[in-house]
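Below is one structure, written out as structure tokens, with a few remarks after it.
No value in this document is a laboratory result; all are computed from the given coordinates. Computed from a prediction, not measured in an experiment: that's the story for all the values here. Virtual Cβ from ideal backbone geometry, glycine too; neighbours counted across all protein chains shown.
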Amino acid sequence: MSSENPGYWEPPPKRCCCARRGPQLVLVGLLSTAMWAGMLTLLLLWHWETEKNLKQLGDTAIQNVSHVSKDLQRYQSNQLAQKSQDSELSQNLNRLQENFINVKSQNSEFSQSLNSLQEDLINIRSQGLNEKRTASDSLEKLQEEVAKLWMEMLISKGVACSTCPENWLNFQQKCYYFGKGSKQWIQARFTCSDLEGRLVSIHSQEEQDFLMRHTNKQDSWIGLRDLDVEGEFVWMDGSPVGYSNWNPGEPNNAGQGEDCVMMRGSGQWNDAYCRSYLDAWVCEQLATCEEASAPVASVSPTGPTPKNGS
Ligand SMILES: [Ca+2]
Ligand SMILES: [Ca+2]
């Protein structure tokens, strides 16, 4: 303690401890060595492990590359096969198109031949129908003539030929049916056929007068027309026009389409449009002859029907 500063205390100087530190330093050195050795061992282990993993990754990568390479080869192979199939398909398609064109051409030729055959068939049928109609008309006309001759012969023998079906009226050797109801000319014609008669043919003033008395001044269809040849009027019984009773100025074929003849309420005739509707028409048929002893023919527009086996 200083005498000048009696309150200040100075620590006493330390004594030397080198003798104790020697073993401590050795221990520290050993520990450090052991620590470094451990760290080195860990580093080596980590290195080996990493190297091992890298090697595995490399192997896996090689395997994957190999797989990818094989897949690529397969894909290329498939592509080539697909290309080959496409080429084959294209060739087949071309062949089909060529075949289709050939078939189409053949079909066209076949169609033309078929059309030609059909036209020939239609012509033959038309010709056949015309010939059949002509033959039928001729036969009908012949039967008509035979029936009339037969009737004249019977009348000359004093036989009465004036029998008519019910609702038909007799005049001379014919029977007449005065039809009522709206009809076109062709409908009236077929109705008369259904009644075993035909639209009336008028050949004399007497016959015209008789008809006038029973038509009640109604416009009526009669059996005259120029359907086949314009201006050539023909009666339904096949005879040409002899007696006529045309209205002044008729026939005029008005509108280039009047081919069927009507009897006006005044009794005078007019060519009219065949599809017009009239409320009346007149049918006719030959009367039937009656005889007690001699063979008798029942006559109709289709010819005589022998009775008693004659
Ligand atoms: Ca005409
Ligand atoms: Ca006219």
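Tell me the mean residue ellipticity at 222 nm calculated for the chain from its helices only (DSSP H runs of n ≥ 4, each -39500 (n - 2.57), averaged over every residue, nearest 500). List each step's numbers first, then the result.
Values: 3 runs with 159 residues, N = 310.
After summing the helix terms and dividing by residue count, I get -19500 deg cm²/dmol.
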Inset, instruction - Please list the non-local residues whose amide H lies under 5 Å from the amide H of Ser244, H modeled 1.01 Å from N, same-chain partners needing a gap of 5 or more. - result: none
Inset, instruction - Mind checking which lysines have their Cα closer than 20 Å to the Cα of Lys217? Skip sequence neighbours fewer than 8 apart in that chain. - result: Lys180, Lys183
Inset, instruction - Report, by chain and number, residues whose modeled amide H sits under 5 Å from the one on Ala160, excluding near sequence neighbours (fewer than 5 apart, same chain). - result: Glu290
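Taking the Cα centre as origin and putting +1 on Lys and Arg beta-carbons and -1 on Asp and Glu beta-carbons, what dipole magnitude results for the chain, to the nearest 20 debye?
Values: 28 positive and 38 negative charges, 657 e Å.
Dipole magnitude for the chain comes out near 3160 debye.
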Legend entry - Pairs from Lys141/Lys174; Lys83/Lys104; Lys132/Lys174 whose Cα-Cα separation, in the structure shown, is over 25 Å: Lys83/Lys104; Lys132/Lys174
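Using a 10 Å cut-off around each Cβ, can you sort Phe100, Phe171 from fewest to most neighbouring Cβ atoms?
So the residues, fewest neighbours to most, are Phe100, Phe171.
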Legend entry - Potential extension, Glu98-Ala34 segment - 0.36 nm per residue separation minus Cα distance: 13.7 nm
Inset, instruction - Report the one residue of Leu43, Val65, Asn123 whose Cα lies farthest in the direction of the positive end of the charge dipole of the chain (charges on C-beta: Lys and Arg +1, Asp and Glu -1; origin at the Cα centre). - result: Leu43
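Quick check: residue separation of Leu139 and Glu206 times 0.36 nm, minus the Cα distance between them. What number comes out in nm? Don't skip to the answer; put the middle values down first.
On the way: separation 67, 0.36 × 67 = 24.12 nm, distance 2.85 nm.
Extra length from Leu139 to Glu206 when fully extended: 21.3 nm.
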Legend entry - Karplus-derived 3J(HN,Hα), 6.51/-1.76/1.60, for each residue of the range 117-126, Hz, glycine and proline x: 5, 4, 4, 4, 4, 4, 4, 5, 5, 4
Inset, instruction - Return Arg125, Arg264 ranked ascending by Cβ neighbour count within 10 Å, so the fewest neighbours appear first. - result: Arg125, Arg264
Legend entry - Selection from Leu195, Asn253, Gln205 lying farthest towards where the dipole of the range 165-286 points positive, charges on Cβ: Leu195
Inset, instruction - Please report, in Å, the Rg and the Dmax of the chain, where both are computed over Cα atoms only. - result: 64.3, 212
Inset, instruction - For Lys52, go through the aspartates and glutamates and keep the ones whose alpha-carbon is under 19 Å away, minus same-chain ones fewer than eight residues off. - result: none
Inset, instruction - Using θ = phi - 60° and the Karplus relation 6.51 cos²θ - 1.76 cosθ + 1.60, list the HN-Hα couplings for the range 231-239 in order, rounded to whole Hz, with x at every Gly or Pro. - result: x, 9, 7, 9, 6, 5, 7, x, 8
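If each residue's Cβ is checked for other Cβ atoms within 10 Å, how do Lys55, Lys141 rank with the fewest at the top? Numbers along the way, then the final one.
Numbers: Lys55 10, Lys141 13.
Placing the least packed residue first, the sequence is Lys55, Lys141.
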Inset, instruction - In whole Å, largest first, what are the principal axis extents of the Cα atoms in the range 165-286? - result: 40, 26, 26
